[in-house]
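Written below as structure tokens is the structure these notes are about.
The values are calculated or read from the model by the stated rules, or taken from the named source; none is laboratory data. These figures come from a predicted structure and were not determined experimentally. For neighbour counting, all protein chains shown are included, and Cβ atoms are generated from backbone atoms with ideal geometry for every residue, glycine included.
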Amino acid sequence: MARITLDHLAHAYKPDPRTAEDYALKEINHVWSQGGAYALLGPSGCGKTTLLNIISGLVRPTRGRVLFNDLDVTDLPTEARNIAQVFQFPVVYDTMSVRENLAFPLKNRHVPRDRTAQRVEEIAQLLDLTRVLDRKASNLTADMKQKISLGRGLVRPDVAAILFDEPLTVIDPHLKWQLRSTLKEIHRALDITMIYVTHDQTEALTFADKVVVMHDGAVVQTGTPDELFERPAHTFVGHFIGSPGMNILPCKVEGATALIGNQAIALQRIYRTLSDGERVELGIRPEFARLQTNGTGLPVQIRRIDDIGRARIARVEMSGRPLAVSVPEGISIEGSEAALTLDPRHIHIYANGHLVSGEPIGGHGA
Amino acid sequence: MTLVLEGVSKKIGAAVHIDDVRLTLQRSSLNVLLGATLAGKTTLMRLMAGLDAPTSGRVLVEGQDVTGWPVQRRSVAMVYQQFINYPSLNVYENIASPLRVSGLPKNEIETRVREAAKLLKLEPYLDRKPLNLSGGQQQRTAIARALVKRADLVLLDEPLANLDYKLREELREELPRVFAASGAVFVYATTEPSEALLLGGNTATLFEGRVTQFGPTPQVYRHPHDLTTARVFSDPPLNVLMARKAGGSATLSTGGEIPATGPLAAVPDGNYTVGFRAHHLNLEPPGAGEIAISAVVSVSEITGSESYVHLDASEHRLVALVPGVRRLEPKSAVTAYIDPRHLFLFDEAGRLAATDPAQRAA
Amino acid sequence: MTKTVNNRAWFFVLPVFAIVAFSAVLPLMTVVNYSVQDTFGNNQFFWNGIGWFQELLDPSTELGGRFFDALWRTLLFSAIILLIEVPLGIAVALSMPREGWTVALCLVLMALPLLIPWNVVGTIWQVFARSDIGLLGWIVNHLGIDYNYTNDSIDAWVTLIVMDVWHWTSLVALLCYAGLKSIPDAYYQAARIDGASRWAIFRTIQLPKMRRVLLIAVLLRFMDSFMIYTEPFVITGGGPGNATTFLSIDLVKLALGQFDLGKAAAMSLVYNLIILAICWVFYTVMINVDAERERVEA
């Protein structure tokens, strides 16, 4: 059981890094509290795997420290860190039975035999592996093998944290659902810190209480799934989270009005005057935009409507800018012209990619 | 061209890999093969390409029997899950390679490569080596190479599976447009129902080597002919209950008697399997005529805009996809509701017995 | 998997059939022909039926006696070679570097003995181990150990075994190295996290993953050592006495030394059959290993 602290951590693969570009992982300060479920989310090459390897002890950071509770583990090897890891491709010991696989970490640590047997039974029960305990591990399906890898971590009573490195990559969609809810249930039952690395927003958001979004070697936002969805701190987060991502439109902002082309949009907050040198953008999620075939709103042209089963996504154009708008089931959209309304509570203004928080209207100062 | 599979089977030893597949793929169409790993997607593609010969049945191209023709004699291009490019050639030469083999004049090659590069947004990278590109760009290169051949049949075997989520989304959105610009028959294998829906076109659902249904994608999704198809084409997994109809009412396996409305009104007395999708199960106060199911919350997963609530209702595991953020305590009791119009009824053989007549018309 | 039938493919295979017919089938038929006849030269042949075979397989006859002596000698030699070279090869492969410029250096150094022709290897060791002028023999003798491979049969065996180990261990090592390289890093990481000792990693990850290449290595080394001829011919000539007269050497003595063509033909056929039988056993084992690996149960 542990709280994990990342203290001024940075890493460069090249020796003697000078500029920010040399760092695969830019300076990060972070505390993961004991028993939390966290996700590291970002595209390939964003530094999330580097960070995971630093925590597990496979990579020694160029700068900074890693603390488990108050113990500095920066220089400790993997095996001395009380962590477990589940990899992208299932790792099982082919020649052993499932039971032997689960017992392996305890056997290596010379735990008495009857205690090991008891512990293996418990974990097998938890992971629903009891009926395959005496099968050979090599003959099982990928999702079973991932459960075995997880089980080898859980079986150790001293394990402080479990790290997951894109564990559902090779699992079929139907089984992903089961495995994911198994993970959630285990997290709830066992009070172990879990860190889950993925590029898949659905996996990250559904698994974690707190998601750390990474981009270009730096953390761009840390928050709960709903914070990330409703108030992205950076246009990258807006784009990366949500499917389709947030619509980002270049605009001008004057007080409580945003101008896209020559369309004026009323805002709920008053913004400082954003100077011409800055890149000013308006962000609105497809879920918070509404299309109407008649009525007032911003005029848009409908280009295409994608049917994704439970909903439809209209691809529209406003002043030559493409936008995605979700259309709930049961609403029909016809013709090529429509009016668009944006929910003002969910409009965000970004300057150079970063969220600008305005003042409430009627508040002090403008 | 038109590609017809006439009762094609593939057996290896005693194992049946492909079982009596009948498909007609029209010229200039996009056809999705949807099924889990080992359902037979790759095997079926290999049979279409002529990489393997079927054990029985015939493969017809434009009415001509080509069964047993080797792949070299057919006009086929293939894209794989792994990004397969020539590492020593730049993007331009990679795309041009099939044309160089067929000995096309230089200016023709140039035009075709530029055209394909434009379509796949590769123009800025033509001078680069594939290994210096992102995964998405590498796969774009492989797709461009498949297109530039102007083959009659283009097979894509889970081409986006190794890409990041966002890149997948981007390419998925573009691919239908790219495919529409060509006259070929496209066959696209995937394990993900959502991918099939986004790509549109036609979908063939595959299960244990059999094509369970084939038709326009939204139609297969909304009107599955049998339980297997409905299961294959649902993500989150299809919710399944049992029902026993007797007279004007029915008993659900989750307990409780309900009036036999919606599709239940249209079937004779007997036992049925009831299937419905996650987004039709809601936790809001009921609308008129909705069926109530008492359940216990197992886990709730929040995606920010929506929540997946996993429920245990007697021995059934159900998933409800509800809008907004719903934090529900595990083990707490809830009542979920489902509009009977959204139920699929399957008979004991797993065939569709009835859906709501109004839905069918939609 | 059955491939699409393509008749043109047969044209490409035809030349191979022709070459195999000339190089293998025709000489083999000649040998079969000799094995059932007796000859005293002058191209005169007498029908002898299965007489030679009966004599060969009966240890109480002179021919049978020497055949079985040579057979046991050869089997013993192969067994010793395998017992030394396989573990040693694995050990060398395990201690080779995984990355960096030293990899290439190691590979080249290891490949060197493999590139030397058999008779040259024989000659090198013939001189190297001589107790009068050979560096090795001279040193060993000066250390106070009485060593002379030309008149002590134990010394002769030791010389041949050391020579073979020097010549061929790198083949086993290179094969094992290839097997080791194919193990993904995640396995080692997982094992470290599981607290596995060096020995446990070897037994649970490396050895199982090397199983296939090890089978190939054992097969290759067995075949080669079972058919060894050139080196003992050059170094010991089968002596002292008959101490290192392996099957192949005995066969040549019989055929060319004594010109007993019929007996030699029968012996070479039996020799050949033994090799085929052992090959078949290995092949079956390998197929089973593969099948086991591919069988994925739901």
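Evaluation of B:Asn94 against the conditions (1) under 26 Å from B:Thr190 (Cβ atoms); (2) touching a residue at least 24 places away in the same chain (Cβ under 8 Å); (3) part of a helix (DSSP H, G or I); (4) out of contact with any Pro (no Cβ under 8 Å at 6 or more places or on another chain) shows that the sole unmet condition is (4).
Where helices (runs of 4 or more DSSP H) fall entirely within region C:195-248, those with at least 1 residues that are within 14 Å of another protein chain (Cβ to nearest Cβ), within 18 Å of A:Val91 (Cα to Cα) and not charged (D, E, K, R) are at C:198-201, C:207-226.
Which ones in region B:62-80 are within 14 Å of chain C (Cβ to nearest Cβ) and either within 12 Å of B:Val4 (Cα to Cα) or among the β-branched types (Val, Ile, Thr) (or both)? Let's see the steps before the verdict.
Our first condition is that a residue be within 14 Å of chain C (Cβ to nearest Cβ); within region B:62-80, this holds for B:65-74, B:76.
Residues satisfying the conditions are B:Asp65, B:Val66, B:Thr67, B:Val71, B:Val76.
Candidates are the residues of region A:109-129 that are of a type outside the set (Asp, Glu) and surrounded by fewer than 16 Cβ atoms within 10 Å (Cβ to Cβ); the one that is nearest to B:Asn162 (Cα to Cα) is A:Gln125. Considering only residues in region A:211-249 that are without any contact (Cβ under 8 Å) to a residue 40 or more places away in the chain and out of contact with any helix residue (DSSP H, G or I) (no Cβ under 8 Å at 6 or more places or on another chain), the one that is nearest to the other protein chains (Cβ to nearest Cβ) turns out to be A:Asp226.
Only one entry in B:Pro159, B:Pro176 is touching a strand residue (DSSP E or B) at 6+ places or on another chain (Cβ under 7 Å), crowded, with 19+ Cβ neighbours inside 10 Å and not in a strand (DSSP E or B), namely B:Pro159.
Could you look through region A:326-347, keep only residues that are more than 14 Å from every other protein chain (Cβ to nearest Cβ) and in a strand (DSSP E or B), and pick out the one that is nearest to A:Thr222 (Cα to Cα)? For region A:326-347, the residue satisfying everything is A:Leu342.
So, of the residues in region A:79-124 that are assigned to a helix (DSSP H, G or I) and of a type in the set (Gly, Ala, Ser), which turns out to be modelled with the lowest pLDDT? Steps first, please.
First, the residues of region A:79-124 that are assigned to a helix (DSSP H, G or I): A:79-80, A:98-108, A:113-124.
When the remaining residues are screened for being of a type in the set (Gly, Ala, Ser), the result is A:80, A:103, A:117, A:124.
Working: A:Ala80: 85, A:Ala103: 94, A:Ala117: 94, A:Ala124: 93.
My answer is A:Ala80.
What number of residues in region C:143-152 are touching a residue at least 40 places away in the same chain (Cβ under 8 Å) and buried (at least 17 other Cβ atoms within 10 Å of the Cβ)?
From region C:143-152, those touching a residue at least 40 places away in the same chain (Cβ under 8 Å) are C:149-152; that's our starting set.
Okay, now just the ones that are also buried (at least 17 other Cβ atoms within 10 Å of the Cβ), so C:149-150.
Matching residues across region C:143-152 total 2.
If the condition is being in a strand (DSSP E or B) and either over 21 Å from A:Asp306 (Cβ atoms) or away from chain A (no Cβ under 14 Å) (or both), then region B:179-189 contributes B:Val185, B:Phe186, B:Val187, B:Tyr188.
Among the candidates B:Ala117, B:Ala77, which residue alone is within 30 Å of B:Glu169 (Cα to Cα), under 28 Å from the mean Cα position of the chain (by Cα) and either in contact (Cβ under 8 Å) with a residue 60 or more places away in the chain or outside any helix (DSSP H, G or I) (or both)? Step through it out loud before you land on a result.
Details: B:Ala117 fails: either in contact (Cβ under 8 Å) with a residue 60 or more places away in the chain or outside any helix (DSSP H, G or I) (or both).
Exactly one residue qualifies, and that residue is B:Ala77.
Could you check, for region A:55-66, whether at least one of its residues is within 12 Å of chain C (Cβ to nearest Cβ), surrounded by fewer than 22 Cβ atoms within 10 Å (Cβ to Cβ), within 26 Å of A:Thr198 (Cβ to Cβ) and of a type in the set (D, E, K, R)? Among the residues of region A:55-66, not one is within 12 Å of chain C (Cβ to nearest Cβ), surrounded by fewer than 22 Cβ atoms within 10 Å (Cβ to Cβ), within 26 Å of A:Thr198 (Cβ to Cβ) and of a type in the set (D, E, K, R), which makes the answer no.
Within region A:140-162, count every residue that is part of a helix (DSSP H, G or I) and either surrounded by 19 or more Cβ atoms within 10 Å (Cβ to Cβ) or in contact with a His (Cβ under 8 Å, 6 or more places away or on another chain) (or both). Even if it seems obvious, please write down each step before you answer.
Restricting attention to region A:140-162, the residues satisfying the condition of being part of a helix (DSSP H, G or I) are A:142-154.
Still in the list and also either surrounded by 19 or more Cβ atoms within 10 Å (Cβ to Cβ) or in contact with a His (Cβ under 8 Å, 6 or more places away or on another chain) (or both): A:143-154.
Selection size over region A:140-162: 12.
Within region B:154-177, residues that are on the phi > 0 side of the Ramachandran plot reach partners that are in a helix (DSSP H, G or I) and not aromatic (Phe, Trp, Tyr) with beta carbons closer than 8 Å, at six or more positions or on different chains, in the pairs B:Glu158/B:Lys41. Restricting the first member to region B:342-355 and to residues that are in a loop (DSSP other than H, G, I, E, B), and the second to residues that are among the aromatic types (Phe, Trp, Tyr) and surrounded by 19 or more Cβ atoms within 10 Å (Cβ to Cβ), the beta-carbon pairs closer than 6 Å and six or more apart or on different chains are B:Leu343/B:Phe276; B:Thr355/B:Phe344.
Out of B:Leu167, B:Leu119, one residue alone is more than 9 Å from chain A (Cβ to nearest Cβ) and of a type in the set (A, V, I, L, M). It is B:Leu119. Of the residues that make up region C:102-116, is at least one closer than 21 Å to C:Pro240 by Cβ, outside any loop (DSSP other than H, G, I, E, B) and touching a helix residue (DSSP H, G or I) at 6+ places or on another chain (Cβ under 8 Å)? Within region C:102-116 (the criterion being closer than 21 Å to C:Pro240 by Cβ, outside any loop (DSSP other than H, G, I, E, B) and touching a helix residue (DSSP H, G or I) at 6+ places or on another chain (Cβ under 8 Å)), the answer is no, since none of the residues qualifies. Exactly one residue out of B:Asn85, B:Asn94, B:Asn162 is modelled with pLDDT under 90, within 28 Å of A:Gly45 (Cβ to Cβ) and out of contact with any Asp or Glu (no Cβ under 7 Å at 6 or more places or on another chain), and it is B:Asn162.
Restricting to region C:10-44, name every residue that is modelled with pLDDT under 75 and outside any loop (DSSP other than H, G, I, E, B). C:Thr39, the sole residue that qualifies.
State all residues of region A:291-315 that are within 14 Å of chain B (Cβ to nearest Cβ), assigned to a strand (DSSP E or B) and of a type outside the set (Asp, Glu); if no residue qualifies, say none.
Just the residues of region A:291-315 that are within 14 Å of chain B (Cβ to nearest Cβ), to begin with: A:303-315.
So of that shortlist, the ones also assigned to a strand (DSSP E or B) come out as A:303-307, A:311-315.
Within region A:291-315, A:Arg303, A:Arg304, A:Ile305, A:Ala311, A:Arg312, A:Ile313, A:Ala314, A:Arg315 meet the criteria.
Residue-wise test of (1) in a loop (DSSP other than H, G, I, E, B); (2) away from chain A (no Cβ under 14 Å); (3) modelled with pLDDT of 85 or more.
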{"site": "B:Thr228", "(1), (2), (3)": "no, no, yes"}
{"site": "B:Ser234", "(1), (2), (3)": "yes, no, yes"}
{"site": "B:Pro237", "(1), (2), (3)": "yes, no, yes"}
{"site": "B:Met242", "(1), (2), (3)": "no, yes, yes"}
{"site": "B:Thr251", "(1), (2), (3)": "no, yes, yes"}
{"site": "B:Thr273", "(1), (2), (3)": "no, yes, yes"}
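One line per residue, one yes/no per condition, for (1) of a type outside the set (S, T, N, Q); (2) touching a residue at least 60 places away in the same chain (Cβ under 8 Å):
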{"residue": "C:Ile154", "(1), (2)": "yes, no"}
{"residue": "C:Val172", "(1), (2)": "yes, yes"}
{"residue": "C:Tyr177", "(1), (2)": "yes, yes"}
{"residue": "C:Tyr188", "(1), (2)": "yes, no"}
{"residue": "C:Thr204", "(1), (2)": "no, no"}
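Give the residue, chosen from A:Ile308, A:Ile270, A:Ile302, A:Ile313, that is farther than 25 Å from B:Gln219 by Cβ and of a type outside the set (Asp, Glu).
Values: A:Ile308 fails: farther than 25 Å from B:Gln219 by Cβ; A:Ile302 fails: farther than 25 Å from B:Gln219 by Cβ; A:Ile313 fails: farther than 25 Å from B:Gln219 by Cβ.
Sole residue among the options that is farther than 25 Å from B:Gln219 by Cβ and of a type outside the set (Asp, Glu): A:Ile270.
Close Cβ contacts (under 6 Å, 6 or more residues apart or on different chains) running from residues in region B:11-26 that are assigned to a loop (DSSP other than H, G, I, E, B) to residues that are surrounded by 13 or more Cβ atoms within 10 Å (Cβ to Cβ) comprise B:Gln26/B:Thr2. None of A:Ala266, A:Ala256 is in a strand (DSSP E or B), surrounded by fewer than 23 Cβ atoms within 10 Å (Cβ to Cβ), at pLDDT below 90 and in contact with a helix residue (DSSP H, G or I) (Cβ under 7 Å, 6 or more places away or on another chain) except A:Ala266.
Quick check on region B:285-292. Is at least one of its residues under 30 Å from B:Ala15 (Cα atoms), part of a strand (DSSP E or B) and more than 14 Å from chain A (Cβ to nearest Cβ)? No, there is no match, as no residue in region B:285-292 is under 30 Å from B:Ala15 (Cα atoms), part of a strand (DSSP E or B) and more than 14 Å from chain A (Cβ to nearest Cβ).
I want to confirm something. Restricting to region B:190-208 and keeping residues that are among the small types (Gly, Ala, Ser) and within 13 Å of chain A (Cβ to nearest Cβ), which single residue is farthest from B:Asn31 (Cα to Cα)?
Among those that are among the small types (Gly, Ala, Ser) and within 13 Å of chain A (Cβ to nearest Cβ), it is B:Ser194.
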